[in-house]
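The values are calculated or read from the model by the stated rules, or taken from the named source; none is laboratory data. What you see is a predicted model; the values in this text were computed from it and never measured. Every residue, glycine as well, gets a Cβ built from its backbone with ideal geometry; the counts of neighbours run over all protein chains shown.
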Amino acid sequence: MSIPVEQARVDAPLGTMLWLRNQMRNIAPFATLLCLVLFFSLASPSFPTLDNLANILTQISVTGIIAVGLTFVILCGEIDLSVAAVANATGIVVAYFTAQDSYVNIANMPLPGWAAILLGLASCAILGLVNAFGLTLVGIPSFIMTLAMMQIGAGISALLVRGQIAYAVPPVVSTLGSGSVGGVPWIVLLLGVFLLVAHVVLGYTRFGRYVYMVGGNREAAEYSGVNVKKILNAVLVISAVCAGVAGMVGVAHFGSAQQNEFDTYLLDSIAAVVVGGTSLFGGRGGIGNTIVGLCVLGVLNNGLDHVQIDSFLKILIRGLILLAALVINVYAQRLRDSEARTGG
Amino acid sequence: MSQSSTAPPALEMAGVTKSFGGVQALQGVDFVLQPGEIHGLVGENGAGKSTLMKIIAGVYSAGGGSMTVDGREVHFRSPRDAIAAGIGMVHQELSTVPDLTVAENVFLGKQPVDRAGFVSWSKMRSDARRQLADLGLKVDPRQRIGSLPIGLQQLIEIARVVFSGARIIILDEPTSALSPPEVELLFQVLRRLRAAGKSIVFISHFLDDILRISDTVTIFRNGRRVATSPAAAIGKGWVIEQMIGRGHADLEESYTGEIKLETKPAAPVVMRTEGLGFGRAFQDVTMDIRAGEVLGIYGFMGCGQIELARALFGKINPDRGRFIVGGKPRRLRNTAAAHRAGIAFVPESRRSMLFGQEPIYKNVSISILDRIAGVLLRPAVERKLAGRQVEALGIRPPNVEARLGALSGGNQQKVALAKWLNFPPDVLVLSEPTRGMDVGAKDDVVRIVRRLRDEGLAVVVMSTEPETVLSLADRILIMKKGEIVREFGDGTVTKDRLLEAA
């Protein structure tokens, strides 16, 4: 990956130790990734192969597209717990408006493929807008607001499929989700595009700067004349739309659209962002971090399948890794805070 | 005072030093507090008096030097250690819990309990009533403390520190929120405490208060103790000279002399407020803000000026009245709208304006990105414009890549100003622009504000420190309990008249 993990800051008078401390949230996830790769490579000859690399990339792509949107939200110091539910609902909406085979017992409304895709995108954008409305206009904390949205998304999914399973999605979506070009799965390319665009937006646009500043010190952003609510609205819509796209291609990728299909993706995508070192308190981190976080999760999930290990133990190990990442995340924040205090 | 010469001092500090990230806040300070003494502590903001007190109270640990309490050497690792040694501190900001009763606040954290371990409410009330009466305070202990005047709340907070067994009591700016009768009440309380053998450190900007109540006065300047003297032997003029040194005529004038105000009634009104009101914070505020004039708004803490400043910048939306900006009514729905209307604001707390982890240039450019960048950022332009301000305002270090958090307070304040100066606004609202600054930085701020005014900006300065308003303003409004009660337009004004009016 050529995208740098948050460019090193030019802090001439700082010593090397201080620099290391500042960079801890970037270094620790990367070191974790290297250790995991090394461990699994030694433990299993089937792990360090090109085929398996392609496997890992495919396995992380749905999580990855969701995590891209979540990165924006977490950089602002907020959280979106509805991403998996929105992904699920969007995937089901697209399937609902696509002609299903006759044995599928769903009262669906077949529309042309482009219309189904547009309706899918519109519905996730609307769900994101509702989140934004709750957060900035009503003043509900994002944690609670998106928790409610999680239920709403699940409800929409349930109502549309009523316990049945749909299979057909528009051809474009189907290609993106399960096709490949020149041996590279489209879904991996799609993830690459999302990561690249998000990286450019966060690092090189005015909007991206506002996202970091709102996350770094919301009050200061407001006192600098930044329309903080507008930024928060935007990140919640971005998050929902990313989730929606992930939901559409995800349905194609899995080959079916049904209830509760994306449930595990909520934790995975949050974990990817946080394990990568993006601050839970906002203002620090970025797409580079999310990429590392995704790789850590992908390597871990995939690697544990390659070594002989109790599949129930896997869950525990994942939990422990997440806990370690959280400890580092909060510890790095504390270092930063204590430094800010001595400075101010 | 009647103490035997053999008794050790209640508190003695020798050669205490402290630095914050390269800034030397205290340089070899000696300080002696006798039992049964009221010891006044004065100095400009940033002179080191608060730092010293925080070391005594265990909030900071000293970088060097020694400290003894009642003749025994102590090393506090936390405020808890200091409290155990009998040291109590009352901070400038109230730390009472507004929704609890007076009695609950007095016994916060150590409620009397009965044998079964339940809180004994009746004992708590009667104890609170008796102990408050001992200090000369007549308050119903069942009242919710938030419903009492700020001054009384502060006295109750002092009472709490006393009841917790403190023998050395540190009061940081206890009179800034008090009305004159409340100050009298406070002084009565302090005298009773002195008679009971307690030692009191009294920090204040109000030199008259200091000279009136203290037995001994110590003066700080730039992290050093420059003088200690019996209060009876010194006058205000001498204290001021010790505090600020020589060669700061404007500042000295603001403490002592008559200030000649230079109102410009002919100057065009760039912004007008009509009948502005917000909850109970302020009511019926009507004022003209004129180009090329510095409008000072002075009032005690809690008089509503903090809220008024926020209303001018769209941070809070008044429920009554309207703004007229550039001749047209404008709704300032949020800070972005106020920014577009040509209004800029620097709040009293630097932290709420600045991004400590970001370099100087990002701090400066954030408020002008809409002018200098389209969709894509232009970092080169950001650095250039930030560099221009760094040079113009003399910000140290002169490096736009320097992390803001590493700058001194005065330089941070300059960065906060610099945010607005590349594209000067029509109205610049400054809340407490010199709070927490050393004399040199204050001079700089005064110079910058005057320059901006001369360039035709309308400047509004809000402060609870009379010196700040006096050293900057061309016209002064006095705010009291949320209302503008008086205007000092033409002619001269003194600090005393200002204080009297508020």
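Looking for something in contact with an Asp or Glu (Cβ under 8 Å, 6 or more places away or on another chain), at negative phi and among the acidic types (D, E) - is there at least one such residue anywhere in segment B:309-325? Looking through segment B:309-325, none of the residues is in contact with an Asp or Glu (Cβ under 8 Å, 6 or more places away or on another chain), at negative phi and among the acidic types (D, E). Can you name the residue in segment B:448-502 that is among the polar types (S, T, N, Q) and assigned to a strand (DSSP E or B) and, of all such residues, is modelled with the highest pLDDT? So, considering only residues that are among the polar types (S, T, N, Q) and assigned to a strand (DSSP E or B), the one modelled with the highest pLDDT is B:S463.
A search for C-beta distances below 7 Å between a residue of segment A:124-146 that is among the hydroxyl-bearing types (S, T, Y) and any residue that is surrounded by 16 or more Cβ atoms within 10 Å (Cβ to Cβ) and assigned to a helix (DSSP H, G or I), counting only pairs 6+ apart in sequence or on different chains, returns A:T136/A:K229; A:T136/A:L232; A:T136/A:N233; A:S142/A:L135; A:T146/A:N131. Within segment B:348-358, does at least one residue satisfy the condition of being among the hydrophobic types (A, V, I, L, M, F, W, C) and either away from every other protein chain (no Cβ under 11 Å) or touching a Cys at 6+ places or on another chain (Cβ under 7 Å) (or both)? No.
Is it the case, given these coordinates, that A:Q164 is surrounded by 15 or more Cβ atoms within 10 Å (Cβ to Cβ) and either at negative phi or within 14 Å of chain B (Cβ to nearest Cβ) (or both)? Spelling it out, A:Q164 is indeed surrounded by 15 or more Cβ atoms within 10 Å (Cβ to Cβ) and either at negative phi or within 14 Å of chain B (Cβ to nearest Cβ) (or both). Evaluating B:N363 against the criteria (1) outside any helix (DSSP H, G or I); (2) at the interface with chain A (Cβ under 10 Å from one of its Cβ atoms); (3) more than 19 Å from A:K229 (Cα to Cα) leaves one unmet condition, (1).
Exactly one residue among B:A344, B:A311 is of a type in the set (G, A, S) and under 21 Å from the mean Cα position of the chain (by Cα), and that residue is B:A311. Please find, within segment A:192-231, the residue that is farthest from the other protein chains (Cβ to nearest Cβ) out of those that are among the aliphatic types (A, V, I, L, M) and crowded, with 24+ Cβ neighbours inside 10 Å. Looking at the filtered set, the residue picked out is A:V211. Scan segment A:305-318 residue by residue and report those that are more than 14 Å from A:S41 (Cβ to Cβ) and surrounded by 13 or more Cβ atoms within 10 Å (Cβ to Cβ). Residues satisfying the conditions are A:D305, A:I309, A:K314, A:I317, A:R318.
Which residues, taken from segment A:184-220, are outside any helix (DSSP H, G or I) and in contact (Cβ under 8 Å) with a residue 12 or more places away in the chain?
A:V184, A:P185, A:N217
Within segment A:261-279, being of a type in the set (G, A, S) and not in a helix (DSSP H, G or I) holds for A:G276, A:G277, A:S279.
Please verify whether segment A:83-94 includes one or more residues that are of a type in the set (V, I, T) and in contact with a strand residue (DSSP E or B) (Cβ under 8 Å, 6 or more places away or on another chain). Scanning segment A:83-94, I find at least one residue that is of a type in the set (V, I, T) and in contact with a strand residue (DSSP E or B) (Cβ under 8 Å, 6 or more places away or on another chain), so the answer is yes. Reported count of residues in segment B:91-136, each being in a strand (DSSP E or B) and modelled with pLDDT of 85 or more, is 1.
Residues that are more than 14 Å from chain B (Cβ to nearest Cβ) and among the aromatic types (F, W, Y) do not occur anywhere in segment A:276-290. Filtering segment B:1-39 to residues that are modelled with pLDDT of 80 or more and part of a loop (DSSP other than H, G, I, E, B) leaves B:P8, B:P9, B:A10, B:Q34, B:P35, B:G36, B:E37. Within segment B:40-73, the set of residues being touching a Lys or Arg at 6+ places or on another chain (Cβ under 6 Å) and in a helix (DSSP H, G or I) comprises just one member, B:T51.
Might you let me know whether segment B:327-343 holds any residue that is surrounded by 24 or more Cβ atoms within 10 Å (Cβ to Cβ), under 26 Å from A:N22 (Cα atoms), touching a residue at least 24 places away in the same chain (Cβ under 8 Å) and in contact with a Pro (Cβ under 9 Å, 6 or more places away or on another chain)? For segment B:327-343, residues surrounded by 24 or more Cβ atoms within 10 Å (Cβ to Cβ), under 26 Å from A:N22 (Cα atoms), touching a residue at least 24 places away in the same chain (Cβ under 8 Å) and in contact with a Pro (Cβ under 9 Å, 6 or more places away or on another chain): absent.
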